[in-house]
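Participant: Dumping the structure here so I can ask a few things about it.
The values are calculated or read from the model by the stated rules, or taken from the named source; none is laboratory data. Every value quoted in this text rests on a predicted model; they were computed, and no experiment measured them. Note: ideal-geometry Cβ built from the backbone for every residue, glycine included; neighbour counts use all protein chains shown.
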Amino acid sequence: MEDVLSPNEKKVLKSLSSSEKRIEEIAKETGLSKEATLQASYMLDDKGLAKVKERKRIFFRLTKEGEEYARKGLPERRCFELLYSKSNKIPISQIKELFGEKEGGIAIGWMKKKGWARVEDGMLILLSAPCGEDEFVLELLHNGQGNEEILHRFRDSIEELMRRGIVVSEETKEFYVSATKEGIALSNKIELEEEISQLTPDIIRRGEWEYKRFRRYDIRSHAKSASIGKIHPYQRLIEEMREIFLSMGFKEIKGEIIQSSFWNFDALFQPQDHPAREMQDTFYLDSMSELPNRYENVKEVHEGKVDYTEGWGGVWSEEFAKRNVLRTHTTAITIRYLAENPEPPVKAFCIDRVYRREAIDSTHTPEFEQLEGVVMGEGLSLKHLFGYLKEFYARMGFKDIRFRPGYFPYTEPSVEPEVFIEGLGWIELGGAGIFREEVTKPLGIKYPVLAWGLGISRVAMLRLGLDDLRKLYHPDIEWLRSEPIWRRI
Amino acid sequence: MPVVRIEYSDVEELIGIDIKTFLDRLPMIGADIERIEEDYVDVEFFPNRPDMYSVEGVARAMRGFLDIETGLPKYDVKPPLIEIVKDESILNIRPYIVCGVVRGVEFTDSSIRSLMELQEDLHWAIGRDRKKVSIGVHDLSRIKPPFKYTTVPANFEFIPLDFDEPMSIERILKEHPKGVKYGHILEDFDRYPIIIDANGEALSFPPIINGVITRVTEESKELFIDVTGTDKSVHTALNIMVTSLAERGATLEAVRVAEVSGDVMITPNLSAKKKRIKLDEVNSLIGLKLGVKEVVKALERMRYGVEVEKEIVVHIPPYRADIMHSWDIIEDVAIGYGYENVPCELPNVFTVGEAHPISIAKKRVREIMTGMGFLEVMPFSLTCEKIHYEYMRRKSNGRETKVLHPLTQEHTMICTDLMPSLLHILSLNKHREMPQRIFCVGDVLIDEKTIPHLAFLSCHAEANFTEAKSYVITLFREIDTEFSVDEGTDPAFIEGRQAVIIVDEKEVGRFGEIHPEVLSNFSLDHPALGFEMELMI
């Protein structure tokens, strides 16, 4: 026990007994400052070795004005004496000239109140001015005797002086400390010797540590946690997915946020009257992009003027295809990359932000991150798509996966992968498929393209236990500080 | 996407299978089960299979999928007794019409509702919200053939559904809920499509509303169905409607449509279109080695008719709207064969993984910033002029990207700087412990180009220019780049306490003490320093 006492605590404890002692007295005995003594006393109190008691005391003292009056006399006294030396009947106007408007007024008022003078026809007539109790109290306070006792004896005068702003009361605390039984027992055992509390360069250099003891810490006492810089938990998840793709031999690709409708929709065989292309789902811009070479091939496919598909029929509008949008999916980036890199094998991925014109709520935000992987090569088929999906999701931590037929406008066959999550069952996570020939052929891509994608925020909700996606983008800083870098699931 | 409510009593009656098997197998034909209740299930079907937007359509598909009844469904269509004549004036407005008659219908309250739901779902999926296709269903006993599909002026009057007094077309478009909702489809015209009977009674004002006279009730036994529109998908919609009713035991009867040219078309046309597929193509797309027999079996399960010649000749059911390419059929082979029976295999192709230079740069900067004690944030890039310019005491230089038709006042443009969004995040965290140091590596749009930026803020009682400068010096040391500074004039910072950063004689960023007015605009009461630069310098 004594090992956890600081030298100050030991000193203070040594000077305590079972009866109360004033803190100032202890400070004197130990040679410590009053503050240090008090601090050590409270530490001893925490440890059950001493008892600290606070007592409140009221003390009266003079204000700055009061001090002046104590030296020179109250305004009415000074006024009375000065006037009395001249005459016992003086015009009021003359008094105010002598003492000033304010002080003269105060003096006349108090002289009248105390019965020292009376006023007749604008003249002050002086009577007699015996020394009052208030003047006695003023003197006592001037001598520093303003303890509580004075209040009991001269309550009326004190209160009047306080009203006049001459006296104020102050509350002070006095501290008394006594040792407990345990304290006394320990006190008897303590040998006062100096301990090392903080190891310093001096102590190391001088080798003092060789003959001094180290004060022991209470290892269970609380310490504040450190504030550290951290990567956003969502970004960490994104990095994890990037690593998976990179480790599987995929090349990372990026592209512009602004895409023409051509790359965002038409190249992906989305009919121009498709509901997803309407204003209410897509952010359109007031600008256009030029169409790429060979765009006519895409036009032909849409209009059904090729032999391998019926297409959508109708007339495909170039103006419509030129209109710029904020990309609604990363597929706008992957398809463009494939069109520009048609030589197999291609394994590419894109993780980036996409935009949808959707009302914000806990599961919908107008921008969010999407992940997409594509594989293009000779002889690829649905079973290989399943193979990639199984491998990819397993590396993400989803070991059980199954495949359901799905529908996406630009893939055929289409797949909806589902993963099994303890407590939630089979959860649909993303979409996949083989790009339609209507997509690949017009762009000069000669081999099958396997593709899959998913909204990462879905995974973030599962992995970070989020109930509201908005927290990712408008974070509570306390959440960023406290969310573990390595969350064990 | 349309959600179809399937009652278990219908599953037993129309498919003849127990509910558990039904619910187990249903997702594997391509459906999302939304909700399983005590006596019904809500199922979402995909937009490529509008023929499954009715209980009858689901039953038809599932009978095949569960080997109860496979191959092409057969529907008898009796020869036409009724004629509809097309007027020339309709050709520029809504030229396509196909019709059918259904007799011997037994309606209940729920089967009428189910028919109306199918009609609405088809309006959405095939009809593009009635623009391309709209459907009218009429009680045939109330009207007298032959019918006429023609046009009328805006003052033409009839009693529309849901009202009990005659209204002019003009009033319907202004006051009737359907007129208000769909009137835009006809806004360019001064004559309006109408179907009238031999007595001049209005059956329908497509694509807006039917006349009240032909309202379908539980007593209705004979139906006349019209489908009007702007292209040939009217056929698919009609075929789905009539075959769905035939599945319940009704009798189908054709209608003569007299074209303006004098030709006559008999509808519905329920003959199957044929398409050839190659066994090789099937196997190479799915990655299997199926024989012809297995492919035929899978196709018949998916309700195709099949003839095997040199190639496989597939007869497509007349209600299928989605078969435009041979792969559409091959996907059905895979579904019929069962996705669960397709193996998972990784091809043996060698490729090398490669990170994008921007990602590499972002990752390194994240390491530097977190090392200096900053927390990463990832705000939206959508913002508004008020936060981006007004709050920042800045003026637009016209290089930002505005979105057309913003959904909210807060998201009208894409940011050109990240700092306003960082300040916004601080304003949401005023009550949290100081100091607060945050950073962001994100994309901004300048002149419609995507440009990666880095920005950071440090906010606490003693934040000042010197602190900012020391971060800047450290950052540039860590990215191994020489820089110089020049006096800055950005109104978002305090004058004389800000600098621009110059690398290779080009201004790449700026930093300084945030102006107190900016802080107040974000209702922040602690000083802050800010920094922003282009990432790829």
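Participant: Cβ-Cβ distance below 6 Å, separation of 6 or more or different chains: which pairs start in region B:105-123 with a residue that is over 18 Å from B:Leu14 (Cα atoms) and end on one that is at pLDDT below 90?
Facilitator: The qualifying pairs are B:Asp121/B:Pro2.
Participant: Just checking: which of the strands (runs of 3 or more DSSP E) contained wholly in region B:461-537 hold 1 or more residues that are polar (S, T, N, Q)? Break it down stepwise before answering.
Facilitator: Values: elements: B:484-487, B:493-503, B:506-514, B:528-534.
Strands (runs of 3 or more DSSP E) meeting the threshold: B:484-487, B:493-503.
Participant: A follow-up question, please. Please specify each residue of region A:316-348 satisfying the condition of being farther than 23 Å from A:Gly455 by Cβ and more than 11 Å from chain B (Cβ to nearest Cβ).
Facilitator: Selection gives A:Trp316, A:Ser317, A:Glu318, A:Glu319, A:Phe320, A:Ala321, A:Lys322, A:Ala339, A:Glu340, A:Asn341, A:Pro342, A:Glu343.
Participant: Residues that are in contact (Cβ under 8 Å) with a residue 12 or more places away in the chain and of a type in the set (Ser, Thr, Tyr): which strands (runs of 3 or more DSSP E) entirely in region A:98-195 hold 2 or more of them?
Facilitator: Of the strands (runs of 3 or more DSSP E) lying wholly inside region A:98-195, those with at least 2 residues that are in contact (Cβ under 8 Å) with a residue 12 or more places away in the chain and of a type in the set (Ser, Thr, Tyr) span A:167-179.
Participant: Looking only at region A:46-57, count every residue that is in contact (Cβ under 8 Å) with a residue 60 or more places away in the chain, surrounded by fewer than 18 Cβ atoms within 10 Å (Cβ to Cβ), more than 26 Å from A:Gln145 (Cα to Cα) and not small (Gly, Ala, Ser) and tell me the total. Write out each step before concluding.
Facilitator: First, pick out the residues of region A:46-57 that are in contact (Cβ under 8 Å) with a residue 60 or more places away in the chain: A:48-57.
Next, from what is left, pick out any that are surrounded by fewer than 18 Cβ atoms within 10 Å (Cβ to Cβ): A:48, A:51-57.
If we keep only those that are more than 26 Å from A:Gln145 (Cα to Cα) as well, we get A:48, A:51-52.
Still in the running and not small (Gly, Ala, Ser): A:51-52.
Within region A:46-57, residues that are in contact (Cβ under 8 Å) with a residue 60 or more places away in the chain, surrounded by fewer than 18 Cβ atoms within 10 Å (Cβ to Cβ), more than 26 Å from A:Gln145 (Cα to Cα) and not small (Gly, Ala, Ser) number 2.
Participant: I need the full set of residues from region A:402-436 which are in contact with a helix residue (DSSP H, G or I) (Cβ under 6 Å, 6 or more places away or on another chain) and within 10 Å of chain B (Cβ to nearest Cβ), in order please.
Facilitator: Of everything in region A:402-436, those that are in contact with a helix residue (DSSP H, G or I) (Cβ under 6 Å, 6 or more places away or on another chain) and within 10 Å of chain B (Cβ to nearest Cβ) turn out to be A:Phe403, A:Arg404, A:Pro405, A:Glu412, A:Pro413.
Participant: Next question. Those residues that are of a type outside the set (Ser, Thr, Tyr), more than 7 Å from chain B (Cβ to nearest Cβ) and part of a loop (DSSP other than H, G, I, E, B), I need them from region A:362-378; list them, please.
Facilitator: A:Glu378
Participant: Of all the residues that make up region B:350-391, how many are part of a helix (DSSP H, G or I), more than 17 Å from B:Met419 (Cβ to Cβ) and more than 7 Å from chain A (Cβ to nearest Cβ)?
Facilitator: Count: 8.
Participant: Identify, please: which residue in region A:352-378 is more than 25 Å from B:His356 (Cβ to Cβ) and touching a residue at least 24 places away in the same chain (Cβ under 8 Å) and is, among those, surrounded by the most Cβ atoms within 10 Å (Cβ to Cβ)?
Facilitator: Among those residues, the one meeting the criterion is A:Arg357.
Participant: Out of all the residues in region A:437-489, which are away from chain B (no Cβ under 14 Å), of a type in the set (D, E, K, R) and either in contact with a Pro (Cβ under 7 Å, 6 or more places away or on another chain) or within 30 Å of B:Arg437 (Cβ to Cβ) (or both)?
Facilitator: A:Arg463, A:Asp467, A:Arg487, A:Arg488
Participant: Looking only at region B:365-408, how many residues end up being closer than 21 Å to B:Met536 by Cβ and surrounded by 14 or more Cβ atoms within 10 Å (Cβ to Cβ)?
Facilitator: Residues that pass the stated criteria total 14.
Participant: Scan (1) over 37 Å from the mean Cα position of the chain (by Cα); (2) away from chain A (no Cβ under 11 Å) for the single condition B:Lys430 breaks and write down its number.
Facilitator: (2)
Participant: How many residues are over 22 Å from A:Pro366 (Cβ atoms) and either of a type in the set (A, V, I, L, M, F, W, C) or within 7 Å of chain B (Cβ to nearest Cβ) (or both) if we restrict to region A:243-269?
Facilitator: 13
Participant: May I pose another question? Here are B:Thr217, B:Thr228, B:Thr236: which of them is in the same structural domain as B:Asp109 (by TED's automatic domain parsing), under 21 Å from B:Glu253 (Cβ atoms) and part of a loop (DSSP other than H, G, I, E, B)?
Facilitator: Result of the check over B:Thr217, B:Thr228, B:Thr236: B:Thr217.
Participant: For A:Ile231, are the conditions met, namely being within 30 Å of A:Thr331 (Cβ to Cβ), more than 9 Å from chain B (Cβ to nearest Cβ) and buried (at least 17 other Cβ atoms within 10 Å of the Cβ)?
Facilitator: no
Participant: Can you confirm whether A:Ser187 is loosely packed, with under 10 Cβ neighbours inside 10 Å, modelled with pLDDT under 85 and either within 26 Å of A:Lys14 (Cα to Cα) or of a type in the set (A, V, I, L, M, F, W, C) (or both)?
Facilitator: Criteria not met by A:Ser187.
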